[in-house]
Amino acid sequence: MFAKNQIFANPRNSSLWKLLQLSQGNKPHQHQRRCAVNNLSPVRTFSTEYSSSLADSFYNEEQKKLQTTVSKIVETEILPHVEKWENAEEFPSHFIIKKFGNASLLGIRFDTDYGGLGFDYKYHAAYLEELGSIPAAGICAGITAHTEITLPALARFGSAELKSEFLSPSIAGDVVACLGVSEPQAGSDVANIKTSAVRTGDDLIINGQKTWITNGLKADWICLLANTSQGSAHKNKSLICVPMNSKGISRTKIHKLGWNSSDTAQLFFEDVRVPAKNIIGDEGSGFMYQMLQFQEERLCMALVTLRALDKAISDTIEYTRQRQAFGRSILDNQVVHFRLAELATEIEALRALTYRSVEMMVNGENVTRTASMVKLKAGRLSRLTADSCLQFFGGMGYTRDVFISRFFRDGRLTSIGGGADEIMLEIITRVLNIAERTNK
């Protein structure tokens, strides 16, 4: 747990760590003295005064034990290597996903016939929220891209044959999966994709390209959205299971502002041949299947953001309590502690609506409205929290030695991936029946 709570990436090896210690002077703050008594470095620990009572009461004991399992994997297999993977712009996805597969965490809500646990979505939500404690969103994104945006449609609509071939090994962690929807000219505008899959006998011949594909460089198979016929853009698309070792597929790495640990690729398909039986569910229903899959992705993004927001507040409380300026701690300034209190309130409001969405999922209710709302709020609150907290860190916040600078970069994508803020607003206005009316 010690490494999990650190504010600095490698504090004792950092010149900034030494600079911070010198800046405290010879009269340590009361909190520093308390930490010294406990033989803990004050910079490396979270504030124990900030926590969510709502989070403590929402999950039952079994779900909390599940979170403990996740925490142990994160602590032992991920945290020691985060900086190395961030610098390399990739993490060993096959190794890590297999670790989660061995712990039966990749199929918590999926059918037991294919290796899942068959639990309700609240167990899965507990897993996702704890997964968000990884202090590098790119690693979390690689894992959730495998389970949250690639597998749901296959699990819900796929044939028994496709589930045996693609779902079972994915739940076991034996393979890495990715989703192919976005294209260079069609991001949030899913209906405008151009990639085609033309039927030739019993096969499909695929041509086109996909971009922003998380796990795209290492994935063993892709759940690909392509046009399988002419006609209405909402009724001519299918989701297809495509092995990534198929002849005619090439991959190019994309370098990003944040999410550095995740491999992100642009994919090219040139006369790629796969069996037509690899279509998931009904041919032509791919757009609808993908829209359903998006709701799960959006709720996932809110769940994994909660712990990052908590950590941003905790780290900022801790740092500003220690940092002295003009004879008192930064935290003693009203503008600082009022702002942190306001942000903490916003985070709890987000958590409450996110938990309500989880309960709706468990009850089989339509979560389009609330999933869009929490996705919108998670993205905007990430931007607001990261910006405010980084400001309170001052110059230290502008270095790579602190979590808040990484969160500033990583959290920005929450307002873009899985549907931009503007798309969320469009969905919400339509659900509320307040969207602009057009005459056709």
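The values are calculated or read from the model by the stated rules, or taken from the named source; none is laboratory data. Here the structure is a predicted model, which means the values were calculated and not measured. Because the Cβ atoms are built from the backbone with ideal geometry, glycine has one as well, and the counts that use them run over all protein chains shown. What goes into the accessible areas is simple: the full protein's heavy atoms, side chains included, and nothing from ligands, DNA or RNA. Shrake-Rupley method; radii C 1.70, N 1.55, O 1.52, S 1.80 Å.
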Within the stretch 258-271, how many residues are under 23 Å from A191 (Cα atoms) and either hydrophobic (A, V, I, L, M, F, W, C) or open to solvent by 30 Å² or more (accessible area, probe 1.4 Å) (or both)? 7
List the residue pairs whose Cβ atoms are under 7 Å apart, where the first residue sits in the stretch 318-336 and is under 14 Å from S388 (Cβ atoms) and of a type in the set (F, W, Y), the second is modelled with pLDDT of 95 or more and assigned to a helix (DSSP H, G or I), and the two are 6 or more positions apart or on different chains. Y319/F393
Output for the stretch 320-333, where each listed residue is in a helix (DSSP H, G or I), open to solvent by 10 Å² or more (accessible area, probe 1.4 Å) and of a type outside the set (V, I, T): R321, L331, D332
Selection over the stretch 204-257 where residues are within 28 Å of I78 (Cα to Cα), open to solvent by less than 10 Å² (accessible area, probe 1.4 Å) and touching a helix residue (DSSP H, G or I) at 6+ places or on another chain (Cβ under 7 Å) yields a count of 3
Go through the residues of the stretch 292-312 one by one and say whether even a single one is in a helix (DSSP H, G or I) and without any contact (Cβ under 8 Å) to a residue 24 or more places away in the chain. no
Candidate set from the stretch 98-113 (those that are in a helix (DSSP H, G or I) and within 13 Å of S168 (Cβ to Cβ)); member that is most open to solvent (accessible area, probe 1.4 Å): D113
Among G173, G187, G142, G180, which is the only one that is touching a residue at least 24 places away in the same chain (Cβ under 8 Å), open to solvent by 10 Å² or more (accessible area, probe 1.4 Å) and not β-branched (V, I, T)? G187
Out of (1) within 30 Å of K253 (Cβ to Cβ); (2) in a loop (DSSP other than H, G, I, E, B); (3) small (G, A, S), what's the single condition that is false for G116? (1)
Has the stretch 249-257 got any residue that is more than 22 Å from R199 (Cβ to Cβ) and among the polar types (S, T, N, Q)? yes
When the residues of the stretch 87-97 are filtered to those that are at pLDDT 95 or above and not in a helix (DSSP H, G or I), which remaining residue is least open to solvent (accessible area, probe 1.4 Å)? F91
Please pick out the residue among A386, A352, A420, A378 that is touching a residue at least 12 places away in the same chain (Cβ under 8 Å) and either open to solvent by 70 Å² or more (accessible area, probe 1.4 Å) or farther than 24 Å from E130 by Cβ (or both). A420
